[in-house]
Amino acid sequence: MREMILIRYGEIGLKGKNIRIFEKKLASNIRKAIYHIANTEILDHHGRVYVVFDAEDQTKVIEAVKKVFGVVSISPAMKTERDIENLKEKCLEIAKAVIAKTGAKTFKIETKRADKNYPLRTPEINQTLGAHVLRNIETLKVDVHNPDLLITVEIREKAYIYSERIPCLGGMPYGTAGKGMLLLSGGIDSPVAGYLMAKRGLELEAVHFHSYPFTSERALEKVVDLAANLTQYTMTLKIHSVNLLEIQKAINEKCPTDESTILARSFMMKIAEKLAIESNCKALITGENLGQVASQTIEGMTVTNSMVQMPVFRPLVAYDKVDIITIAKNIDTFETSILPYEDCCTVFLPAKVVTKPRLDKIMDSMSLLEMDALVDEAIAQKEIIVIVNGKVRDMNHYAH
Ligand code: ATP
Ligand code: MG
């Protein structure tokens with residue numbers, strides 16, 4: 001047997017002339033999300049997307065579509081003929097099925113008459129269908145304000161009837177807002193930052209900095225696992241893996257020790273921006289959060305900002321840690337993020353860290369270093385890992 005779900009989207013309806021581009025992208029993202037499920041079909045009518053599938057795949061299809069950004073809610077729906085006698089029977093059928101499951105005591109029928117040529121008007125349809133259900137189920141009463149059971153009948157080229165609404169993630173279709181380069185560490189915050197920007201439609205690429213052999217292979221595998229989790233939403237993700245060790249050594253040799261963290265972060269920004277330009281990314285994304293740690297002050301962000309021309313998106317800047325953790329748990333990155341592998345920032349962590357760096361002093365320290373050469377050398381040594389649907393597809397890493 002074939003079943004269908006009806007997919008609602010929100011904000012993209014506001015995009016005026018661009019609406020078709022957004023709708024097409026949404027439909028194509030849904031297609032990719034359910035690609036692994038056989039015999040599915042996507043129908044893309046004005047203002048609605050429907051997916052038709054084999055009945056036994058319903059849970060799989062719903063789970064997959066729930067992770068597509070831009071989808072606001074979905075309803076398992078019945079597609080049927082529009083004549084009123086048929087609609088009466090179908091509404092009764094649905095009411096009986098839901099009452100058996102939930103014990104609903106009150107109901108309401110709501111008709112949406114998208115095809116204005118339909119011979120009956122909305123109130124008449126509501127009354128006829130409602131009366132039929134009432135006559136046949138004695139325990140049921142009408143409640144127009146707060147019904148236990150709301151049956152919606154949409155009259156289009158066919159009739160679509162549904163009662164359940166499953167809330168989804170919302171946001172904008174992935175890939176409709178250009179591309180950004182995510183600075184992905186092994187921590188809790190940066191995967192969440194990437195997720196939030198992707199949810200606004202920004203396509204992601206990622207850069208990770210390590211200090212191999214001071215940081216281990218396991219530390220890198222952890223980042224690969226985090227990126228794999230993000231592909232639940234993005235399908236694919238490319239990671240540029242960059243060794244920062246030579247830069248950290250140079251900083252340690254030539255610059256004041258209390259500046260080493262902010263200087264390393266400055267290099268990360270510069271390298272990330274260069275990679276971003278090569279990959280056609282138009283923004284950088286970090287998991288920075290105001291006041292969370294010593295380096296995440298306004299002064300610290302002033303320094304990292306001034307290393308680059310591109311806008312730096314910091315979607316978590318105003319979040320409380322508990323709220324970041326809630327999202328990390330929802331997107332399945334939390335358990336991986338808390339694994340205790342060392343991070344490149346901790347490798348040369350000085351005893352004292354400057355919390356309010358002054359830009360002019362940091363610039364002076366930068367000028368003690370062969371900045372461009374160090375950046376170019378680090379980029380020349382970079383390695384690339386491509387993850388598709390949770391699995392590593394291409395990897396020239398681990399080749400040390
Ligand atoms: P996270 O949980 O994302 O690691 P954090 O609270 O540990 O964040 P920092 O270590 O100060 O904060 O890093 C701030 C941001 O800088 C990170 O969110 C990330 O975007 C970027 N960053 C830090 N270390 C790395 C790294 N090794 N590779 C790539 N980006 C990094
Ligand atoms: Mg960190």
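So if I check each of ILE99, ILE42, ILE62, which one is more than 14 Å from TYR162 (Cβ to Cβ) and out of contact with any strand residue (DSSP E or B) (no Cβ under 6 Å at 6 or more places or on another chain)? Being more than 14 Å from TYR162 (Cβ to Cβ) and out of contact with any strand residue (DSSP E or B) (no Cβ under 6 Å at 6 or more places or on another chain) holds for just one of ILE99, ILE42, ILE62, which is ILE99. When we screen THR355, THR336 for residues that are within 14 Å of ligand 1 (Cβ to nearest atom) and modelled with pLDDT of 95 or more, the only hit is THR336. Taken residue by residue, region 200-214 has at least one member that is open to solvent by 40 Å² or more (accessible area, probe 1.4 Å) and assigned to a strand (DSSP E or B). Taking region 279-292 as the range and being open to solvent by less than 70 Å² (accessible area, probe 1.4 Å) and not in a strand (DSSP E or B) as the test, the residues that pass are SER279, CYS281, THR286, GLY287, GLU288, ASN289, GLY291, GLN292.
Count of region 293-307 residues, restricted to those that are part of a helix (DSSP H, G or I) and more than 11 Å from ligand 1 (Cβ to nearest atom), is 6. Tell me whether region 63-71 contains one or more residues that are under 21 Å from THR234 (Cα atoms), modelled with pLDDT of 95 or more, out of contact with any Leu (no Cβ under 9 Å at 6 or more places or on another chain) and open to solvent by less than 30 Å² (accessible area, probe 1.4 Å). Yes: one or more hits.
I'd like to verify a number: residues in region 219-244 that are assigned to a helix (DSSP H, G or I) and touching a residue at least 40 places away in the same chain (Cβ under 8 Å), how many? Qualifying residue count, region 219-244: 14. A single entry from LEU290, LEU284 fulfils the requirement of being more than 10 Å from ligand 1 (Cβ to nearest atom) and over 23 Å from GLY390 (Cβ atoms): LEU290.
Among the helices (runs of 4 or more DSSP H) confined to region 308-400, the ones with at least 2 residues that are closer than 25 Å to ASP225 by Cα, open to solvent by 90 Å² or more (accessible area, probe 1.4 Å) and more than 16 Å from ligand 2 (Cβ to nearest atom) are located at 321-330. Only one of GLY175, GLY186, GLY171, GLY180 is in a loop (DSSP other than H, G, I, E, B), within 16 Å of ligand 1 (Cβ to nearest atom) and in contact (Cβ under 8 Å) with a residue 40 or more places away in the chain; which? Sole residue among the options that is in a loop (DSSP other than H, G, I, E, B), within 16 Å of ligand 1 (Cβ to nearest atom) and in contact (Cβ under 8 Å) with a residue 40 or more places away in the chain: GLY186.
To keep it simple, each residue is scored yes or no on (1) under 22 Å from CYS168 (Cα atoms); (2) open to solvent by 20 Å² or more (accessible area, probe 1.4 Å).
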site	(1), (2)
GLN58	yes, yes
SER75	yes, no
LYS90	no, yes
GLY103	no, yes
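Candidates in region 254-269 are the residues that are crowded, with 22+ Cβ neighbours inside 10 Å and polar (S, T, N, Q); of these, the one that is modelled with the lowest pLDDT is THR261.
The values are calculated or read from the model by the stated rules, or taken from the named source; none is laboratory data. Just so it is clear, the model here is predicted, and its values are computed rather than measured. Please note: Cβ atoms are built from the backbone with ideal geometry, for glycine as well, and neighbour counts cover all protein chains shown. Protein only, heavy atoms only, side chains kept; ligands, DNA and RNA dropped before computing areas. Shrake-Rupley method; radii C 1.70, N 1.55, O 1.52, S 1.80 Å.
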